[in-house]
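Down below is the structure, laid out as C-alpha cells.
Nothing in this text is a laboratory measurement; each read-out follows from the coordinates by a stated rule. The structure displayed is predicted, hence computed values, not measured ones. Virtual Cβ from ideal backbone geometry, glycine too; neighbours counted across all protein chains shown.
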Amino acid sequence: MSATEICLIVIAACLVALTTITVVFLVRLIAIARALDTLSTEGRALVQRLHGVTGEVEGMIADARRVEERAVGLVHGTIDRLEPPLRQLTAVITGVSAAVASFARLVPGLSRTDVARPDEPPPPRNPSL
C-alpha cells in the first residue's frame, strides 16, 4: 500500500468516527429536547396553578380586610357608646367615695382606717380579731 492509500483510509476512518459522534450527539440532543419540552409543559401547568392560588389568596386577603374593617368599626362603636356612661359612673363613684370620706370625718368615733379612700390600699387586718 502506498502512502496515499493509507492517508485515504485514515481520512475515511476519521470521517466514520466523526459521523458516529455526530449521530450520538444528535440522539442525545433530541432526548434532551424532549425532556425540556416535558419540563416546560409541566412548568406552564404549575404557573397556571400558581396563578389560580394567587387569585384565591388575593380574594382571601380582600375578605380579611373587609372583616377587619367591620371589626374595627364595631369596636369603635362599642367604645364610643360605653365610654361616656363609664366616665359618668367613675365620676359618681369618686363623688360618693369623697362624700363617704367627708362623712366619716364628721362622725365621732370613726377613724381614718375605718373608711378607705379609693386611691389608698385597705389597711392591714389585725389577725387577733
Answer with one residue from VAL92, ALA35, LEU50: the one whose Cα lies farthest towards the positive end of the charge dipole of the range 3-106, charges on Cβ with Lys, Arg +1 and Asp, Glu -1. VAL92
Going residue by residue through the range 70-87, the Karplus relation 6.51 cos²θ - 1.76 cosθ + 1.60 with θ = phi - 60° gives ³J(HN,Hα) values, rounded to whole Hz and with x marking Gly or Pro, of 5, 5, 5, x, 5, 5, 4, x, 5, 5, 4, 7, 8, 5, x, x, 5, 5
Amide N proximity, the range 25-52 versus ASP63 label position 7 Å along Cα-to-Cβ, cut-off under 20 Å: 49-52
Expected unfolding gain across VAL75-ARG49 under the 0.36 nm per residue rule, minus the alpha-carbon gap, is 5.5 nm
